[in-house]
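Everything below concerns the one structure shown next.
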Amino acid sequence: MATRRVCGCCGALRPRYKRLVDNIFPEDPEDGLVKANMEKLTFYALSAPEKLDRIGAYLSERLSRDVARHRYGYVCIAMEALDQLLMACHCQSINLFVESFLKMVRKLLEADKPNLQILGTNSFVKFANIEEDTPSYHRSYDFFVSRFSEMCHSSYEDPDIRTKIRMAGIKGLQGVVRKTVNDELQANIWDPQHMDKIVPSLLFNLQSGEGTESRSPSPLQASKKEKESPAELTERCFRELLGRAAYGNIKNAVTPVLMHLDNHSLWEGKTFAVRCFKIIMYSIQSQHSHLVIQQLLGHLDANSRSSATVRAGIVEVLLEAAAIAASGSVGPTVLEVFNTLLRHLRLSVDYELTGSYDCTNIGTKIIKEHEERQLQEAVIRTIGSFANTLPTYQRSEVMLFIMGKIPIPGMHPMLHSTGSGPEGNRMIQVMLLKSLRQVTCGFQTTNMLTALPNSFLDPLLSFALLEDAEIRLLVLEILVSLIDRHNNLPKFSTISIISDISVLKLKVDKCSRQDNLFMKKHAQHLYRHIYLCSKEQSSVQPHFEKLYSLLALISMELANEEVVVDLIRVALALQDLALSSEETLPVYNRCAVHALSSAYLNLISQLTTVPAFCQHVHEVIEMRQKESPYLLPEDVFIENPKIPKTLEKLEGELLFQQAKITEVLGGSGYNTERLATPYVPQFTDEDRLSKRKSIGETISLQVEVESRNSPEKEEVNENIKIYNTHRHIWLDSVGVEEQEKERRRQVVEKFQKAPFEEIVAARLISNVSRLSERYVLINLIFSLFLACRPPPSPSGTITSSYGQTQSRSVPVYEMKFPDLCVY
């Protein structure tokens, strides 16, 4: 009793804030916080804000004592009181109170009891949502980042409690981000030391619920947080984190994602990696998208010696990222993006051919060919995806860039890949042409002349002369994609005789001035390559289908009256090609060329809308249907072609007559003189480069054709003599041109490979020599000028001792002038 009286006496002498704090705790902790006394404490804190730090310190002292004594009911009451004080007080002294609050939260998070950890986390989240009036210069959240990240990886035995702990950790990290991300006075949460803990913790929980679809919760779902799974909460937190990232923080936020996917071998599965970067691309600001793409490209370079599945996973992620990114988000270094992808495409080809490569960690690694092929296809698709985000002018630059990378015989130096040889060059040609085909898909331009310059079109067309059937088919597909500007291509995917083309609903526009200029410049090249592709023995059904599509699209996209006449001449020349006994074409190819010619003439006759022309074509097709169906596409371009073993000589009504077509089109205003002239392809140096028939043989063939059409044989013989003379002159000029090309190549190579100092020294010596020559010339001119005799003076002349007259120099004032000259 005496002891109790002493305590009671001393209790009256205690400070008021301590008595107010003690009064909020009931005798039975289950009764909860004494609300009336809590209101008194809050009023006191607002009235005397200088006491707030002492209130916090005392509450912290009581909480520590209750935690040590396992009186968890009083711990909950203390935390509730702290929360209410935080919500009510926003004075300048709040900083000192916050220190006590964070000290108590830290005490709870360090406890072993899951309930105390969750309690401390909830209090911290409430505190994180408070906007403080005054900044804090010394507050640190390092412990909270570490502890919350550890809770995200909780491995508690009870799955329900484990889930609650992990969700508390995620909420805690979310609170830390909210509290620090916009406060410049706080420690930078975007530093790698913090991001390396926060991001992997979020990805760990996101991965644990990988079966859940990536989606943003609806408002109804967001209100039911107790039913929210850790994966959904993680995704929401991750999106919030990325949404707050500024330009300079994107790298620090994305780098831990890349490291996490590397450490846990998540690139190979692709699904989770793609999901992560979809979240990233949709969450960050659109103008920062190119930063993520550049980091992915850099990571692809860093993994150049990783397995094909890892590289393919990174490329697939790039593909998805490019599809999400807005137009132009590839960034300023557009060509660098494509250069990186093309470099890895070539690297994959090298790996496939050599069969192995040296790995830094595990030594030599054996290559699986099918994995490398999958990687190559993924890179090609990614190149196309990037190209689709670019405007037309940039896509044209990319097309030129890729074309410059393709090894072209005789035009660009062949690529020397380690251990690859000619087969490696061929594979690189195929892969780069596939990439180019992907870039040209959907390419539309109003000015073909600027979009397809000579530097692009000439190398592309040269591939149409190569013996490789796959390369020729790729070239035809690229040409068709470039010319098709009104999406008419699907209507010509197969070759057939169409009785009425109006059912196709073709989109035909009037040929513009730019298109006319383009065809005036490149038409003969296109016709020549169509003709030469048709006579290739290795051509199969897809080649003829693309040739038909190319002819049809030229007729609708780029045709004027002159082009229509030339296209009809080309179609008739194809018929002559199939009839020629000099060409060693198989029976199938001859029938295919006949079918191609008939299908195209049927189309062009309906496009010209000349009734007599349509009637003639229709009559020939009907006759073929009766007597020779193997000359029509319906019997040739099928799975089992119905063609004879040998092709008999065709004549009469089974053939399209050039004289008849010239007559009927001449009545409609077409150029009959041009129509009556058989088409003969113009051959250039490309035939020699692609190992085709020599120029001399080709011109001799032209002379023979002309001689057959000429009425006077003597005149033909004279022409042949003249030709032989010109041929020798032309061959000499070709040699001079080759020397000039070689000289230019050496100059270009010197400027590309020689050291800068050597180039400067050579230019300096050249300039000095030129200056010295000029100096000598000037001295010579001056010496000649001084040696010249002065003009005769009015004072007369004198005679030298040798009998020669010399002018005598007299002063001006001694000269005698006529009176008329003096005034």
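The values are calculated or read from the model by the stated rules, or taken from the named source; none is laboratory data. Note that the coordinates shown come from a computational prediction; the quantities given were computed from them, not determined experimentally. Here the Cβ positions follow ideal geometry from the backbone for every residue, glycine too, while neighbour counts run over all protein chains shown. The protein model used for the area step is the full one, side chains on, heavy atoms only, and it has no ligands, DNA or RNA in it. Shrake-Rupley method; radii C 1.70, N 1.55, O 1.52, S 1.80 Å.
Hey, rough spin-label estimate for residue 560 and residue 50, points 7 angstrom out along Cα→Cβ, what's it come to in nanometres?
9.5
Give the value in nm², to one decimal: projected area of the alpha carbon convex hull of the range 486-687, averaged over all directions.
Its average projected convex-hull area is 11.5 nm².
Excluding ligands and nucleic acids, what accessible area in Å² is computed for residue 672 using a 1.4 Å probe, to the nearest 10?
It works out to around 60 Å².
Using θ = phi - 60° and the Karplus form 6.51 cos²θ - 1.76 cosθ + 1.60, what ³J(HN,Hα) does each residue of the range 625-641 get, whole Hz, x for Gly and Pro?
With the stated coefficients, the range 625-641 comes to 4, 7, 9, 9, x, 6, 9, 10, x, 5, 9, 9, 8, 10, 4, 10, x Hz.
Give me a comma-separated list of calculated 3J(HN,Hα) values for the range 312-320, in order, Karplus coefficients 6.51, -1.76, 1.60 applied at θ = phi - 60°, integers in Hz, x for any Gly or Pro.
3J(HN,Hα) across the range 312-320, in whole Hz: 5, x, 5, 5, 4, 5, 4, 4, 5.
Net charge near residue 34, counting Lys/Arg +1 and Asp/Glu -1 over other residues with Cβ under 14 Å of its Cβ?
So the surrounding residues net to -4.
Between residue 61 and residue 520, what is the label-point separation in nm under the 7 Å Cα-to-beta-carbon projection?
So the two model labels end up 9.9 nm from each other.
Quickly work out the residue 247-to-residue 750 label distance, labels modelled 7 Å from Cα along the C-beta direction, and quote it in nm with one decimal.
Simple spin-label model gives 4.4 nm for this pair.
Please give the FRET efficiency for residue 208 paired with residue 469, using the beta carbon to beta carbon distance and R0 = 45 Å, rounded to the nearest 0.05.
Computed FRET efficiency for residue 208 and residue 469: 0.30.
As an exercise, use a Förster radius of 45 Å and the Cβ-Cβ distance of residue 28 and residue 323 to find the FRET efficiency, rounded to the nearest 0.05.
Efficiency, from the Cβ-Cβ distance: 0.10.
For the range 486-687, report the accessible area per residue in Å² (1.4 Å probe, heavy atoms, rounded to an integer).
On a per-residue basis, the range 486-687 sits at 45 Å².
Can you run phi through the Karplus equation (6.51, -1.76, 1.60; θ = phi - 60°) for the range 278-292 and list ³J(HN,Hα) in whole Hz, with x for Gly and Pro?
So the J values, rounded to whole Hz, are 5, 4, 5, 5, 7, 9, 6, 5, 4, 6, 9, 4, 5, 5, 5.
What is the gain in length, in nm to one decimal, between residue 500 and residue 668 on full extension, counting 0.36 nm per residue of separation less the C-alpha to C-alpha distance?
Extra length available between residue 500 and residue 668 comes to 58.4 nm.
Would any residue of the range 588-626 have its amide N under 12 Å from a label point 7 Å out along Cα→Cβ of residue 645? List them or say none.
Under 12 Å, as judged by backbone N against the label point of residue 645, lies no residue of the range 588-626.
What's the local net charge at residue 540, with K and R +1, D and E -1, over the other residues with C-beta under 15 Å away?
Summing Lys and Arg as +1 and Asp and Glu as -1 gives -3.
How many lysine pairs does the range 9-135 hold where the Cα atoms are under 16 Å apart and the two sit 8 or more places apart or on different chains?
Counting lysine pairs in the range 9-135 gives 4.
What's the tally of Lys pairs in the range 486-687 whose alpha-carbon atoms lie under 17 angstrom apart, where the two lysines are 8 or more places apart or on different chains?
Summing the qualifying lysine pairs gives 7.
Work out how much length residue 143 to residue 113 would gain on full extension: take 0.36 nm times their residue separation and subtract the Cα-Cα distance, in nm to one decimal.
This chain segment gains 9.0 nm when fully extended.
Multiplying the sequence separation of residue 162 and residue 366 by 0.36 nm and subtracting their Cα-Cα distance, what value in nm do you get?
Fully extending the segment from residue 162 to residue 366 adds 69.1 nm.
Using mean Cβ contacts within 10 Å as the protection proxy, how do 27-36, 99-108 order, highest first?
Highest mean packing first, the order is 99-108, 27-36.
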